[in-house]
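Read the figures in this text as sums done on the coordinates, not as results from a lab. The structure presented is a predicted model; accordingly, all values stated were derived computationally and were not measured. Ideal geometry is used to build each Cβ from the backbone, glycine not excepted, and the neighbour counts take in all protein chains shown.
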Amino acid sequence: MKAIRFAKPGGPEVLILQDIELPAPGPSQVRVRHQAVGVNFIDTYHRSGLYPVPLPSGIGLEAAGAVEAAGEGVEHLKPGDRVAYCQGPIGAYAEANNVAADRLVKLPAAISDETAAAAMLKGLTAQYLLKQTFPVKRGQTILFHAAAGGVGLIAGQWAKHLGCTAIGTIGSDDKMELARANGYDRLLNLRQDDWVAQVRQWTGGEGVPVVYDSVGKDTFQGSLDCLALRGMLVSFGNSSGPVPTFEPNLLSAKGSLYLTRPTLFHYANTPERLQAMADDLFAVIESGVVKITINQRFPLAEARAAHEALHSRQTTGATILLP
C-alpha cells in the first residue's frame, strides 16, 4: 500500500510517499481501509520533532473507513463495519492502518467518512474542552483562540448551543465572517486589535472565566490577562510555539488563576469513554447543531502541500487527505 513517511524531522519537504507492506492485524487489532484521513496541527509537531517519534515513521493519527480484517480476540468489529479513530497509532496518512480495536468507534449511517475524518480529533477535543475540562454554563462569556480553525469552528457552534457568549480571536480579517457564522458573538484580530483590553471592556473589567488557547507562545501572557479572578487558562496547543517557562507565582499575582494542559487521551482513556464522547459529538452533528466545515481536500500524495497550507495559516475549518 501507499503511505506517507519521513526519515528525519524537518519541514513539509521531509514527507515522502512510499510503497510499504502492511502486515496482518495482530491480536486485538483491526485493519482499517481508509476512505478519508484527518490532517491536524499535532501532525506538524511530530514531523518537526517538537513531539519526537521514533524514526523513520509514518504520520497522522486520524482516519475513517471500513474494517478490512480483524485480529485474534476482536469480537465487536467485523469486516465491512464503518469505523473511525483519532488517537493513533501514528501512520494514518496511508491507504490503510492496523489499529487497536479499543481505539475505534463505530460510525452512524448519517456520518460520512469525510465528516468523521474531519471531526473526530477536533470534535472530541471541543467536547472535552467545553464539557469536561471547564464545563461551560449558560450565560457565561468565554474566549476561544483560533476561532476559524478546525477546533474553533466546532467549539463556537457548540458553545452557542450551550448558551454561552463566545469571543473568538482570528489571525486575519478575512476569517471574520466564517467565525461569526459558526457561533462567535464577538471577534478580535490578534495581529491588529488590543485584544486583552477589548475583552476586559466587553466583560465590564472582570475578564472571562475561561480562555481556551491552542496558539501557545504568542498568546499565553495575554490569555492570563483576560481571565477573571480564579479563572482557568486551558492551554491545548502550540501553533505559534511552546509556552515559555514561568514562575507559578505568576498565577497568584494575576488572580489565583488555574492553568491546565489537557490531552484527549486522558479523557477518552477507556473504550467506553471514547465511544460516549463520540456519540455526544455525532449527536450534535446529526441534529445540525454543529456543522463540520471541510475547506481543504488533498490527495494522499500531496500531504506536503497540505502541511504547507496549514503552516501558512490560510486554512480554515478542516483539512483532509483522500487516499
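Once R0 is set to 45 Å, what does the formula 1/(1 + (r/R0)^6) return for the Cβ-Cβ distance between residue 161 and residue 245, expressed as a FRET efficiency to the nearest 0.05? Efficiency, from the Cβ-Cβ distance: 0.75. When each of the peptides 252-260, 161-169, 214-222 is scored by the mean number of other C-beta atoms lying within 10 Å of its residues, the order from highest to lowest reads 161-169, 214-222, 252-260. Multiplying the residue separation of residue 77 and residue 256 by 0.36 nm and subtracting their alpha-carbon distance yields 59.6 nm. Across the chain, Cα-Cα pairs farther apart than 29 Å form 36% of the total.
Site pair residue 109 and residue 229 shows an inter-label distance of 5.6 nm when each label is modelled 7 Å from Cα along Cα→Cβ.
Short-range pairs are left out: with C-alpha atoms under 8 Å and at least six residues apart, the relative contact order of the range 74-207 is 16 percent.
At full extension, residue 102 and residue 263 could sit 56.2 nm farther apart than now, given 0.36 nm per residue minus the alpha carbon distance. What distance in nm lies between label points placed 7 Å from Cα along the C-beta direction at residue 221 and residue 197? About 1.6 nm, to one decimal. Were the residues from residue 69 through residue 137 laid out at 0.36 nm apart, the gain over their Cα-Cα distance would be 20.1 nm. Near residue 54, once Lys and Arg are set to +1 and Asp and Glu to -1 for all other residues with Cβ below 15 Å from its Cβ, the sum equals +3. Of 164, 59, 101, whose Cα points farthest to the positive end of the dipole of the chain (charges on the beta-carbon: +1 Lys, Arg; -1 Asp, Glu; origin at the Cα centre)? Sorting the options by dipole projection puts first 164. Modelled spin-label separation between residue 16 and residue 287, with each label point placed 7 Å from Cα along the Cα-to-Cβ direction: 4.9 nm. When each of the peptides 6-17, 143-154 is scored by how many other beta carbons lie within 10 Å of its residues on average, the order from highest to lowest is 143-154, 6-17.
Under 10 Å, Cα contacts only: if you run a Gaussian network model on the chain, which one of 206, 21, 114 comes out with the highest mean-square fluctuation? Looking only at 206, 21, 114, the largest GNM fluctuation is found for 21.
GNM remark for the chain: springs join alpha carbons under 10 Å apart, and the peak mean-square fluctuation among 310, 55, 190 falls on 55.
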